[in-house]
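J.: Can you keep this structure in mind? I'll have questions shortly.
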Amino acid sequence: MKFLVCISNVPDTTTKITFTPDNKEFNKAGVQFVINPWDEYALTRAIELKEAQGSGTVTVLNVGEADTEPNIRKALAIGADDAIRVNAAPKDAWFVAQQIAHYAKEGGYEVILMGKESIDYNGFQVHGMVGELLGIPTVAPAMKLDMSGNTATLEREIEGGKEIVEVAAPFVASCQQPMCEPRIPNMRGIMTARTKPLKVVEAVGEGAATAVAEYQLPPKKQGVKLIDAANAGELIKLLRNEAKVI
Amino acid sequence: MSVLVVVECDKGEVKKSSLEVASYGAQVAQMLGTTATAVAVGEATEANLAALGEQGITKVLFDAEPRLKDFVNGAYTKLIAAAADKEQAKVIVLANSNIGASVGSRLAVRLKASLATNVVELPKTDGGQFTVKRGAFSGKAFADVTLSGDRKIIAVKKNSIEAQHNGGQTAQVESFTAQLSDADFADAPKQVIMQDQAGGILLPEADKVVSGGRGMKGPENWHLIEDLAKALGAATACSKPVSDVDWRPHHEHVGQTGITVSPNLYIACGISGAIQHLAGVNSSKVIVVINKDPEAPFFKAADYGIVGDVFEVLPKLTQAVKELG
Ligand SMILES: Cc1cc2nc3c(=O)[nH]c(=O)nc-3n(C[C@H](O)[C@H](O)[C@H](O)COP(=O)(O)OP(=O)(O)OC[C@H]3O[C@@H](n4cnc5c(N)ncnc54)[C@H](O)[C@@H]3O)c2cc1C
Ligand SMILES: Cc1cc2nc3c(=O)[nH]c(=O)nc-3n(C[C@H](O)[C@H](O)[C@H](O)COP(=O)(O)OP(=O)(O)OC[C@H]3O[C@@H](n4cnc5c(N)ncnc54)[C@H](O)[C@@H]3O)c2cc1C
């Protein structure tokens, strides 16, 4: 089968978040970018399913400017066969979804996998937009994905439980743990990744539907009030009478 | 023109997060000089739907089709789109839940609407702009986002808006059908498996959470967490390594790569406070940290702290809660 895995280029999880002085943009200076952690589940699972099927391809797609290529190469090193970069700054989820839907259709991909959500913009929305644009089912977020022929069986997380869902390809799933153990690149992977095809294409469709007017950091905490361990019960009184949360 | 609110129900009850969404929608309606209508999904009772009047809802649309009891993405999307058209809704408000995100993202395309998820405040409408504040960078920041579409969809983060209760008000419950066909149920679940909810409090909905980390030493000690949670009426949670080694189920894992929670009270027991953990909990209103290491980074993010051994402190806290009555 033809798998398409969408990867987002995000600040490393340990990044201290700051903005440009006008608070209009994320300050990228000195920030290490990684493949969005959730997307690693999508990528590894696609590779595992391809291996189990004994044929097929895994293509990674990123909407981003040239600075995302190191992470695209990393995805190739982990085991994707080829890559597409849509050469544009990802303006918002709607913009990104249009690119994914267009190139997914053009390439005839049967299984479109993405991460649950991006850890920077936390949209959790690209999945449904792509599914709706293509008129195919979406399963989000999926904790398990198995394929038998053209049919996928997924475990979809719902608040307080899970649903077992069966859909026929083509479909979109957004992935999260415990779907698989994300792979890391090995030496051979890193060597072969250099020569795997990475196609750069132009953006299509309409512009963004939303715009960020301003970013803000959360208000600073007052500082911790320490309670003596020997007197732990005092904490409960403070939570009732001072913080008024119990 | 009206505001349409999507209300999720479970076992007859309106979910707490949906009561918040209903209050949010009613307040937006007031700002825009119109009324708020709800469309209910899931297993609902007429009495509980009528009680949405307390949150300021005037009318509730409800399709009693039995297959809508469980979440079905295709059918829910069609139902809500039909309700939005019937009500000529310009603003649609739903919960930032797995259901809300699944449906909201499809609706955004179908209704050509601008979508903002993870929204934490009421919109601002000055200067002809429609701007909402949403959480970004996994709880490390906020973004004011302007929605330019003629129609807007807002997914409200749990516990960020207080549900209002104006006693005595009732909403009019109207039966409604979107003429759903079998094709709309093509992605219906084959099976729905609910967790065994110890204490009955769901983590994503909880307004109090007691959470344990590696400092708890092993699953056999979790009764200490559970006892305190039970006494407080709180849900239980854990750090990532704890669920990675199966001391606790994955759905309790909070943090950047787990669930994000924003309860009024988060009590962290034997958790160091790594940045990835904080990302999932730092929008909690009050954070309490219990850790034997006074240098644990979590104390920097805490409101109250106890430097001590969880095995000694937790039973004392549980006892003190019981004594409060
Ligand atoms: C310079 C710059 C400026 C930006 N400005 C804005 C802004 O103003 N407003 C805004 O909302 N966002 C902005 N973004 C973020 C970017 O647009 C996001 O990629 C997009 O919004 C989708 O993120 P999400 O959180 O909504 O996606 P989600 O729905 O959370 O993402 C789910 C999944 O979709 C896939 N995906 C997401 N993004 C991409 C991508 N770029 N390429 C391939 N797959 C992807 C991944 O598999 C991801 O796990 C900006 C990014 C950059 C680099
Ligand atoms: C990409 C990535 C994503 C991640 N995502 C997440 C995430 O979503 N959520 C998450 O939680 N982590 C996440 N992590 C892991 C994170 O970096 C930390 O490793 C993890 O949070 C540590 O868990 P912990 O605090 O339980 O354990 P530890 O760091 O081992 O801390 C245990 C703490 O318990 C204290 N302690 C020990 N014994 C006692 C006692 N008897 N009484 C009181 N205190 C005691 C110790 O002083 C210590 O502070 C992620 C990491 C990466 C790299």
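The values are calculated or read from the model by the stated rules, or taken from the named source; none is laboratory data. From a predicted model like this one, the values you see are computed outputs, not experimental measurements. Cβ placement follows ideal geometry from the backbone for every residue including glycine, while neighbour counts extend to all protein chains displayed. Heavy atoms of the whole protein, side chains included, go into the accessibility calculation; ligands, DNA and RNA do not. Shrake-Rupley method; radii C 1.70, N 1.55, O 1.52, S 1.80 Å.
J.: Which one is farthest from the other protein chains (Cβ to nearest Cβ), of the residues in the stretch B:133-153 that are open to solvent by 10 Å² or more (accessible area, probe 1.4 Å), modelled with pLDDT under 95 and farther than 16 Å from B:S284 by Cβ?
T.: Top of the filtered list is B:D150.
J.: Within the stretch A:100-111, can you find the residues that are touching a residue at least 12 places away in the same chain (Cβ under 8 Å) and either more than 16 Å from the chain's Cα centre (by Cα) or away from every other protein chain (no Cβ under 14 Å) (or both)?
T.: Listed by number, the residues that qualify are A:H102, A:Y103, A:A104, A:K105, A:G107, A:G108, A:Y109, A:E110, A:V111.
J.: Quick one: is B:I267 more than 9 Å from ligand 2 (Cβ to nearest atom), open to solvent by less than 10 Å² (accessible area, probe 1.4 Å) and within 11 Å of chain A (Cβ to nearest Cβ)?
T.: Spelling it out, B:I267 is indeed more than 9 Å from ligand 2 (Cβ to nearest atom), open to solvent by less than 10 Å² (accessible area, probe 1.4 Å) and within 11 Å of chain A (Cβ to nearest Cβ).
J.: Oh, and also: Search the stretch A:198-213 for residues being within 14 Å of chain B (Cβ to nearest Cβ) and in a loop (DSSP other than H, G, I, E, B), and hand back the single one that is nearest to ligand 1 (Cβ to nearest atom).
T.: Selected residue: A:A208.
J.: If you check B:F311 against the conditions, is it assigned to a helix (DSSP H, G or I) and more than 7 Å from every other protein chain (Cβ to nearest Cβ)?
T.: Judged against the criteria, B:F311 is a match.
J.: Quick check on B:K300: is it of a type in the set (K, R), more than 9 Å from ligand 2 (Cβ to nearest atom), within 10 Å of chain A (Cβ to nearest Cβ) and surrounded by fewer than 23 Cβ atoms within 10 Å (Cβ to Cβ)?
T.: yes
J.: Return the residues of the stretch A:205-225 that are over 23 Å from A:F95 (Cβ atoms) and surrounded by 15 or more Cβ atoms within 10 Å (Cβ to Cβ); say none if nothing qualifies.
T.: Residue satisfying the conditions is A:V224 alone.
J.: Tell me which strands (runs of 3 or more DSSP E) are completely within the stretch B:28-126 and hold 1 or more residues being more than 14 Å from chain A (Cβ to nearest Cβ) and closer than 27 Å to A:G160 by Cβ, or say none if there are none.
T.: Counting at least 1 such residues, we get B:36-44, B:59-62, B:89-95.
J.: Which ones in the stretch A:10-43 are under 20 Å from the mean Cα position of the chain (by Cα), within 14 Å of chain B (Cβ to nearest Cβ) and more than 14 Å from ligand 2 (Cβ to nearest atom)?
T.: Within the stretch A:10-43, A:K16, A:I17, A:F26, A:K28, A:V31, A:A42 meet the criteria.
J.: Where the second residue is assigned to a strand (DSSP E or B) and within 16 Å of ligand 2 (Cβ to nearest atom) and the first is assigned by TED's automatic domain parsing to the domain that holds B:A81 and lies in the stretch B:133-157, which pairs have Cβ atoms under 9 Å and are six or more apart or on separate chains?
T.: B:F137/A:P11; B:A141/B:G135; B:F142/B:G135; B:A143/B:G135; B:K157/B:G135
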